[in-house]
1. When you go through (1) within 15 Å of the ligand (Cβ to nearest atom); (2) over 25 Å from SER243 (Cα atoms) one by one for PRO153, which number turns out not to apply?
2. Identify, please: which residue in region 266-294 is in a loop (DSSP other than H, G, I, E, B) and within 16 Å of the ligand (Cβ to nearest atom) and is, among those, surrounded by the most Cβ atoms within 10 Å (Cβ to Cβ)?
3. Among the residues of region 198-234, write down those that are among the aliphatic types (A, V, I, L, M), assigned to a loop (DSSP other than H, G, I, E, B) and touching a strand residue (DSSP E or B) at 6+ places or on another chain (Cβ under 6 Å).
4. Does region 115-128 contain any residue that is under 15 Å from VAL279 (Cβ atoms) and either more than 12 Å from the ligand (Cβ to nearest atom) or in contact (Cβ under 8 Å) with a residue 60 or more places away in the chain (or both)?
5. Looking at region 234-246, can you tell me whether even one residue there is among the β-branched types (Val, Ile, Thr), under 21 Å from the mean Cα position of the chain (by Cα), within 19 Å of VAL19 (Cβ to Cβ) and surrounded by fewer than 22 Cβ atoms within 10 Å (Cβ to Cβ)?
6. Assuming VAL210 fulfils every condition listed in (1) free of Cβ contacts under 8 Å to residues at least 40 places away in the same chain; (2) over 16 Å from LEU238 (Cα atoms) apart from one, which condition is it?
7. Which is touching a residue at least 40 places away in the same chain (Cβ under 8 Å) and of a type in the set (Lys, Arg), of ARG74, ARG62, ARG50, ARG66?
8. Could you list all residues from region 105-114 that are in contact with a Leu (Cβ under 8 Å, 6 or more places away or on another chain) and either more than 13 Å from the ligand (Cβ to nearest atom) or not in a loop (DSSP other than H, G, I, E, B) (or both)?
Amino acid sequence: MKAPDSAAPDSAAPGSASVLDGKAVADAIAERVAERVKAFSLAPRLVFVRVGEDPASASYVRSKQRLARRVGIRAETLVLPEETDQATLMTQVQAVVDDDDVDGVLVQLPLPDHLDEAPVLEAVDPDKDVDGFHAVNVGRLWSGLPGMVPCTPLGLEAICDHYEVPLHGQRVVIVGRSNLVGKPAAALLLRRHATVTLAHSRTRDLAAVVAEADVVIAAVGRAGIVQASMVKPGATVLDVGMSRVDGRIVGDVAPDVWNVAGAVTPMPGGTGPVTVAMVVQNTVTAAERRRQQP
Ligand code: GUN
(Lines give C-alpha, C1' and ligand atoms only; values in the text may rest on other atoms or scores of the structure.)
Protein backbone atom coordinates (compact mmCIF):
# COMPACT_ATOMS: atom_id res chain seq x y z
CA MET A 1 0.00 0.00 0.00
CA LYS A 2 1.15 3.53 -0.78
CA ALA A 3 2.32 5.54 2.25
CA PRO A 4 -0.62 7.63 3.46
CA ASP A 5 -0.34 11.40 3.48
CA SER A 6 1.65 12.59 6.48
CA ALA A 7 -0.34 15.82 6.59
CA ALA A 8 -3.44 13.92 7.70
CA PRO A 9 -5.21 15.17 10.83
CA ASP A 10 -3.64 13.43 13.82
CA SER A 11 -6.51 14.17 16.20
CA ALA A 12 -8.54 11.50 14.44
CA ALA A 13 -5.80 8.90 14.61
CA PRO A 14 -5.41 7.70 18.18
CA GLY A 15 -3.67 4.41 17.36
CA SER A 16 -1.06 2.95 15.07
CA ALA A 17 -3.13 2.70 11.88
CA SER A 18 -2.38 5.07 9.01
CA VAL A 19 -4.87 7.79 8.19
CA LEU A 20 -6.72 7.59 4.88
CA ASP A 21 -7.11 11.31 4.38
CA GLY A 22 -10.37 11.93 2.54
CA LYS A 23 -9.66 15.61 2.07
CA ALA A 24 -6.50 14.83 0.11
CA VAL A 25 -8.38 12.36 -2.10
CA ALA A 26 -11.21 14.85 -2.64
CA ASP A 27 -8.77 17.62 -3.60
CA ALA A 28 -7.11 15.37 -6.18
CA ILE A 29 -10.50 14.47 -7.68
CA ALA A 30 -11.66 18.10 -7.71
CA GLU A 31 -8.51 19.13 -9.57
CA ARG A 32 -9.12 16.52 -12.29
CA VAL A 33 -12.81 17.50 -12.55
CA ALA A 34 -11.92 21.19 -12.89
CA GLU A 35 -9.72 20.29 -15.88
CA ARG A 36 -12.65 18.45 -17.51
CA VAL A 37 -14.98 21.41 -16.91
CA LYS A 38 -12.58 23.65 -18.85
CA ALA A 39 -13.34 21.65 -22.03
CA PHE A 40 -16.97 22.89 -22.04
CA SER A 41 -17.97 26.03 -23.91
CA LEU A 42 -20.96 26.29 -21.54
CA ALA A 43 -20.21 24.94 -18.06
CA PRO A 44 -22.19 21.93 -16.76
CA ARG A 45 -25.18 22.88 -14.63
CA LEU A 46 -26.27 21.09 -11.45
CA VAL A 47 -29.47 21.72 -9.49
CA PHE A 48 -29.97 20.55 -5.90
CA VAL A 49 -33.48 20.18 -4.55
CA ARG A 50 -33.89 20.37 -0.79
CA VAL A 51 -37.14 20.26 1.20
CA GLY A 52 -37.37 21.76 4.68
CA GLU A 53 -34.73 23.07 7.02
CA ASP A 54 -33.02 19.98 8.42
CA PRO A 55 -29.65 21.50 9.43
CA ALA A 56 -27.58 18.44 8.44
CA SER A 57 -29.15 18.30 4.96
CA ALA A 58 -28.69 22.04 4.51
CA SER A 59 -25.05 21.73 5.47
CA TYR A 60 -24.41 18.77 3.09
CA VAL A 61 -26.01 20.60 0.18
CA ARG A 62 -24.01 23.75 0.95
CA SER A 63 -20.74 21.82 0.85
CA LYS A 64 -21.68 20.06 -2.41
CA GLN A 65 -22.70 23.35 -4.01
CA ARG A 66 -19.52 25.07 -2.79
CA LEU A 67 -17.28 22.42 -4.34
CA ALA A 68 -19.32 22.37 -7.56
CA ARG A 69 -18.82 26.11 -7.97
CA ARG A 70 -15.14 25.81 -7.08
CA VAL A 71 -14.56 23.46 -10.04
CA GLY A 72 -16.52 25.72 -12.42
CA ILE A 73 -19.91 23.98 -12.46
CA ARG A 74 -23.01 26.21 -12.50
CA ALA A 75 -24.71 25.06 -9.30
CA GLU A 76 -27.85 26.24 -7.56
CA THR A 77 -30.26 24.97 -4.90
CA LEU A 78 -34.03 24.94 -5.06
CA VAL A 79 -35.22 25.07 -1.45
CA LEU A 80 -38.86 24.12 -0.87
CA PRO A 81 -40.72 24.66 2.40
CA GLU A 82 -41.12 21.81 4.91
CA GLU A 83 -44.89 21.66 4.26
CA THR A 84 -44.51 21.08 0.49
CA ASP A 85 -46.92 18.34 -0.61
CA GLN A 86 -46.04 15.39 -2.84
CA ALA A 87 -47.73 16.76 -5.97
CA THR A 88 -45.97 20.11 -5.69
CA LEU A 89 -42.61 18.45 -5.13
CA MET A 90 -43.14 16.18 -8.16
CA THR A 91 -44.06 19.17 -10.34
CA GLN A 92 -41.03 21.14 -9.19
CA VAL A 93 -38.60 18.24 -9.68
CA GLN A 94 -40.08 17.49 -13.10
CA ALA A 95 -39.58 21.10 -14.18
CA VAL A 96 -35.90 20.96 -13.23
CA VAL A 97 -35.43 17.58 -14.91
CA ASP A 98 -37.12 18.78 -18.12
CA ASP A 99 -34.90 21.86 -18.40
CA ASP A 100 -32.52 21.06 -21.24
CA ASP A 101 -29.92 23.41 -19.75
CA VAL A 102 -29.68 21.23 -16.62
CA ASP A 103 -27.14 18.39 -16.72
CA GLY A 104 -27.49 17.05 -13.19
CA VAL A 105 -30.24 16.88 -10.56
CA LEU A 106 -29.84 15.85 -6.92
CA VAL A 107 -32.77 15.61 -4.50
CA GLN A 108 -31.27 15.67 -1.02
CA LEU A 109 -32.46 12.88 1.29
CA PRO A 110 -34.07 12.28 3.65
CA LEU A 111 -37.25 14.08 2.64
CA PRO A 112 -39.66 15.10 5.41
CA ASP A 113 -41.70 12.14 6.71
CA HIS A 114 -44.93 13.05 4.89
CA LEU A 115 -43.22 12.74 1.48
CA ASP A 116 -42.61 9.50 -0.44
CA GLU A 117 -39.02 9.37 -1.74
CA ALA A 118 -39.39 6.60 -4.34
CA PRO A 119 -41.54 8.44 -6.94
CA VAL A 120 -39.36 11.53 -6.58
CA LEU A 121 -36.17 9.59 -7.29
CA GLU A 122 -37.87 7.87 -10.25
CA ALA A 123 -38.85 11.27 -11.70
CA VAL A 124 -35.20 12.17 -12.24
CA ASP A 125 -33.95 11.42 -15.76
CA PRO A 126 -31.48 8.52 -15.26
CA ASP A 127 -28.91 10.35 -17.38
CA LYS A 128 -29.12 13.44 -15.11
CA ASP A 129 -29.24 11.35 -11.92
CA VAL A 130 -25.91 12.35 -10.33
CA ASP A 131 -26.85 10.33 -7.21
CA GLY A 132 -27.28 7.12 -9.20
CA PHE A 133 -30.41 6.26 -7.21
CA HIS A 134 -32.86 5.79 -10.13
CA ALA A 135 -33.85 2.13 -10.63
CA VAL A 136 -32.46 2.26 -14.17
CA ASN A 137 -29.03 3.20 -12.79
CA VAL A 138 -29.28 0.52 -10.09
CA GLY A 139 -29.93 -2.03 -12.85
CA ARG A 140 -27.13 -0.69 -15.00
CA LEU A 141 -24.67 -0.91 -12.10
CA TRP A 142 -25.57 -4.52 -11.28
CA SER A 143 -25.51 -5.44 -14.99
CA GLY A 144 -22.10 -3.86 -15.59
CA LEU A 145 -23.53 -1.27 -18.00
CA PRO A 146 -22.41 2.37 -18.11
CA GLY A 147 -24.62 4.56 -15.93
CA MET A 148 -24.53 6.92 -12.98
CA VAL A 149 -23.03 5.28 -9.87
CA PRO A 150 -23.87 6.45 -6.31
CA CYS A 151 -21.33 8.88 -4.88
CA THR A 152 -20.41 7.28 -1.56
CA PRO A 153 -19.48 3.89 -3.10
CA LEU A 154 -17.52 5.69 -5.85
CA GLY A 155 -15.72 7.59 -3.09
CA LEU A 156 -14.83 4.37 -1.25
CA GLU A 157 -13.36 2.98 -4.46
CA ALA A 158 -11.44 6.23 -5.03
CA ILE A 159 -9.93 6.12 -1.51
CA CYS A 160 -8.75 2.55 -2.10
CA ASP A 161 -7.27 3.51 -5.47
CA HIS A 162 -5.57 6.66 -4.13
CA TYR A 163 -3.86 4.74 -1.34
CA GLU A 164 -3.29 1.65 -3.50
CA VAL A 165 -5.38 -0.61 -1.29
CA PRO A 166 -5.82 -3.77 -3.38
CA LEU A 167 -9.36 -4.89 -4.19
CA HIS A 168 -8.82 -7.60 -6.82
CA GLY A 169 -9.49 -10.97 -5.17
CA GLN A 170 -9.58 -9.38 -1.70
CA ARG A 171 -12.25 -10.03 0.90
CA VAL A 172 -14.40 -6.95 1.41
CA VAL A 173 -17.01 -7.03 4.16
CA ILE A 174 -19.63 -4.28 3.97
CA VAL A 175 -21.63 -3.76 7.15
CA GLY A 176 -24.86 -2.00 6.14
CA ARG A 177 -27.27 -2.80 3.30
CA SER A 178 -28.73 0.60 2.43
CA ASN A 179 -29.66 1.61 -1.12
CA LEU A 180 -27.38 4.65 -0.73
CA VAL A 181 -24.20 2.85 0.31
CA GLY A 182 -24.11 -0.87 1.12
CA LYS A 183 -25.90 -2.34 -1.88
CA PRO A 184 -24.27 -0.17 -4.58
CA ALA A 185 -20.84 -0.56 -2.92
CA ALA A 186 -21.27 -4.34 -3.19
CA ALA A 187 -22.03 -4.06 -6.92
CA LEU A 188 -19.17 -1.65 -7.56
CA LEU A 189 -16.56 -3.69 -5.70
CA LEU A 190 -17.69 -6.92 -7.35
CA ARG A 191 -16.91 -5.16 -10.60
CA ARG A 192 -13.37 -4.70 -9.21
CA HIS A 193 -13.15 -8.45 -8.59
CA ALA A 194 -13.36 -8.24 -4.79
CA THR A 195 -15.05 -11.07 -2.91
CA VAL A 196 -17.87 -9.14 -1.30
CA THR A 197 -19.91 -10.00 1.79
CA LEU A 198 -22.89 -7.77 2.46
CA ALA A 199 -23.50 -7.95 6.21
CA HIS A 200 -25.76 -5.81 8.38
CA SER A 201 -26.91 -5.12 11.91
CA ARG A 202 -28.77 -8.45 12.11
CA THR A 203 -25.99 -10.64 10.70
CA ARG A 204 -25.41 -13.61 13.00
CA ASP A 205 -21.91 -13.52 14.53
CA LEU A 206 -21.00 -10.27 12.82
CA ALA A 207 -17.58 -10.38 14.52
CA ALA A 208 -16.62 -13.61 12.76
CA VAL A 209 -17.77 -12.23 9.40
CA VAL A 210 -15.86 -8.94 9.79
CA ALA A 211 -12.76 -10.84 10.95
CA GLU A 212 -12.46 -12.33 7.43
CA ALA A 213 -12.13 -8.92 5.81
CA ASP A 214 -9.09 -7.39 4.17
CA VAL A 215 -11.26 -4.29 3.71
CA VAL A 216 -14.12 -3.40 6.09
CA ILE A 217 -16.76 -0.85 5.08
CA ALA A 218 -18.84 0.31 8.04
CA ALA A 219 -22.10 1.88 6.86
CA VAL A 220 -24.86 1.21 9.35
CA GLY A 221 -25.11 4.53 11.19
CA ARG A 222 -24.66 2.95 14.62
CA ALA A 223 -21.77 4.31 16.66
CA GLY A 224 -19.03 1.77 17.30
CA ILE A 225 -20.69 -1.19 15.57
CA VAL A 226 -17.25 -2.16 14.25
CA GLN A 227 -15.04 -2.96 17.25
CA ALA A 228 -11.30 -3.64 17.46
CA SER A 229 -11.93 -7.26 18.50
CA MET A 230 -13.67 -7.90 15.14
CA VAL A 231 -10.98 -6.51 12.85
CA LYS A 232 -8.15 -8.55 11.33
CA PRO A 233 -4.78 -6.93 12.17
CA GLY A 234 -3.64 -4.77 9.27
CA ALA A 235 -7.06 -4.56 7.58
CA THR A 236 -8.22 -1.39 5.86
CA VAL A 237 -11.31 0.14 7.50
CA LEU A 238 -13.54 2.68 5.75
CA ASP A 239 -16.05 4.44 8.01
CA VAL A 240 -19.22 5.77 6.38
CA GLY A 241 -21.49 5.76 9.44
CA MET A 242 -22.40 8.96 11.15
CA SER A 243 -24.30 9.42 14.39
CA ARG A 244 -24.50 11.98 17.12
CA VAL A 245 -23.37 10.84 20.57
CA ASP A 246 -23.41 13.40 23.41
CA GLY A 247 -23.48 16.18 20.83
CA ARG A 248 -20.45 14.83 18.95
CA ILE A 249 -20.49 13.35 15.45
CA VAL A 250 -18.99 9.87 15.52
CA GLY A 251 -18.60 7.08 12.99
CA ASP A 252 -19.44 3.38 13.03
CA VAL A 253 -15.85 2.47 13.82
CA ALA A 254 -14.87 2.32 17.51
CA PRO A 255 -11.75 4.36 18.39
CA ASP A 256 -9.73 1.29 19.44
CA VAL A 257 -9.93 -0.06 15.85
CA TRP A 258 -7.07 2.35 15.16
CA ASN A 259 -4.84 0.09 17.32
CA VAL A 260 -5.50 -2.99 15.18
CA ALA A 261 -6.23 -1.89 11.60
CA GLY A 262 -3.57 -1.04 9.03
CA ALA A 263 -5.37 2.06 7.77
CA VAL A 264 -8.60 3.83 8.70
CA THR A 265 -10.64 6.76 7.40
CA PRO A 266 -11.05 9.40 10.13
CA MET A 267 -14.42 10.89 11.06
CA PRO A 268 -14.71 13.70 10.07
CA GLY A 269 -12.34 14.11 7.12
CA GLY A 270 -12.60 10.58 5.75
CA THR A 271 -15.27 9.28 3.41
CA GLY A 272 -17.45 12.43 3.59
CA PRO A 273 -15.33 14.83 1.53
CA VAL A 274 -14.79 12.16 -1.13
CA THR A 275 -18.55 11.62 -1.48
CA VAL A 276 -18.90 15.35 -2.12
CA ALA A 277 -16.15 15.24 -4.75
CA MET A 278 -17.98 12.41 -6.50
CA VAL A 279 -21.12 14.53 -6.87
CA VAL A 280 -19.16 17.01 -8.96
CA GLN A 281 -17.40 14.23 -10.87
CA ASN A 282 -20.75 12.61 -11.69
CA THR A 283 -22.12 15.95 -12.84
CA VAL A 284 -19.31 16.41 -15.33
CA THR A 285 -19.66 12.81 -16.49
CA ALA A 286 -23.40 13.35 -17.04
CA ALA A 287 -22.76 16.59 -18.95
CA GLU A 288 -20.08 14.99 -21.13
CA ARG A 289 -22.41 12.13 -22.03
CA ARG A 290 -25.39 14.40 -22.72
CA ARG A 291 -23.44 16.83 -24.81
CA GLN A 292 -20.95 14.31 -26.18
CA GLN A 293 -17.99 16.38 -25.08
CA PRO A 294 -14.57 14.68 -25.23
N1 GUN B 1 -28.46 12.07 2.11
C2 GUN B 1 -27.40 11.44 2.67
N3 GUN B 1 -26.57 11.00 1.71
C4 GUN B 1 -27.10 11.38 0.52
C5 GUN B 1 -26.69 11.21 -0.82
O6 GUN B 1 -25.65 10.62 -1.14
N7 GUN B 1 -27.52 11.74 -1.77
C8 GUN B 1 -28.68 12.37 -1.43
N9 GUN B 1 -29.42 12.83 -2.41
N10 GUN B 1 -29.08 12.53 -0.19
C11 GUN B 1 -28.28 12.03 0.78
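The values are calculated or read from the model by the stated rules, or taken from the named source; none is laboratory data. Everything numeric in this text was worked out from a predicted model, so none of it was measured. Here the Cβ positions follow ideal geometry from the backbone for every residue, glycine too, while neighbour counts run over all protein chains shown.
1. Condition (2) is where PRO153 drops out.
2. First, pick out the residues of region 266-294 that are in a loop (DSSP other than H, G, I, E, B): 266-270, 292-294.
Narrowing further to those that are within 16 Å of the ligand (Cβ to nearest atom): 267-268, 270.
Values: MET267: 24, PRO268: 16, GLY270: 28.
Looking at residues that are in a loop (DSSP other than H, G, I, E, B) and within 16 Å of the ligand (Cβ to nearest atom), I get GLY270.
3. Answer for region 198-234, where residues must be among the aliphatic types (A, V, I, L, M), assigned to a loop (DSSP other than H, G, I, E, B) and touching a strand residue (DSSP E or B) at 6+ places or on another chain (Cβ under 6 Å): ALA213, VAL220, ALA223.
4. If we filter region 115-128 for residues that are under 15 Å from VAL279 (Cβ atoms), which is where we start, we get 124, 128.
Remaining after also requiring either more than 12 Å from the ligand (Cβ to nearest atom) or in contact (Cβ under 8 Å) with a residue 60 or more places away in the chain (or both): 128.
Yes, there is a match, as at least one residue in region 115-128 is under 15 Å from VAL279 (Cβ atoms) and either more than 12 Å from the ligand (Cβ to nearest atom) or in contact (Cβ under 8 Å) with a residue 60 or more places away in the chain (or both).
5. Keep residues of region 234-246 that are among the β-branched types (Val, Ile, Thr), which gives 236-237, 240, 245.
The next check asks that each one be under 21 Å from the mean Cα position of the chain (by Cα); those that pass are 236-237, 240.
Then keep just the ones that are within 19 Å of VAL19 (Cβ to Cβ); that gives 236-237, 240.
From what's left, surrounded by fewer than 22 Cβ atoms within 10 Å (Cβ to Cβ): none.
No, the conditions are met nowhere in region 234-246.
6. Failing condition for VAL210: (2).
7. Numbers: ARG74 fails: touching a residue at least 40 places away in the same chain (Cβ under 8 Å); ARG62 fails: touching a residue at least 40 places away in the same chain (Cβ under 8 Å); ARG66 fails: touching a residue at least 40 places away in the same chain (Cβ under 8 Å).
Result: ARG50 is the single residue among ARG74, ARG62, ARG50, ARG66 that is touching a residue at least 40 places away in the same chain (Cβ under 8 Å) and of a type in the set (Lys, Arg).
8. Here is the first cut: in region 105-114, the ones in contact with a Leu (Cβ under 8 Å, 6 or more places away or on another chain) are 105-107, 109, 111.
VAL105, LEU106, VAL107 - these are the residues of region 105-114 that are in contact with a Leu (Cβ under 8 Å, 6 or more places away or on another chain) and either more than 13 Å from the ligand (Cβ to nearest atom) or not in a loop (DSSP other than H, G, I, E, B) (or both).
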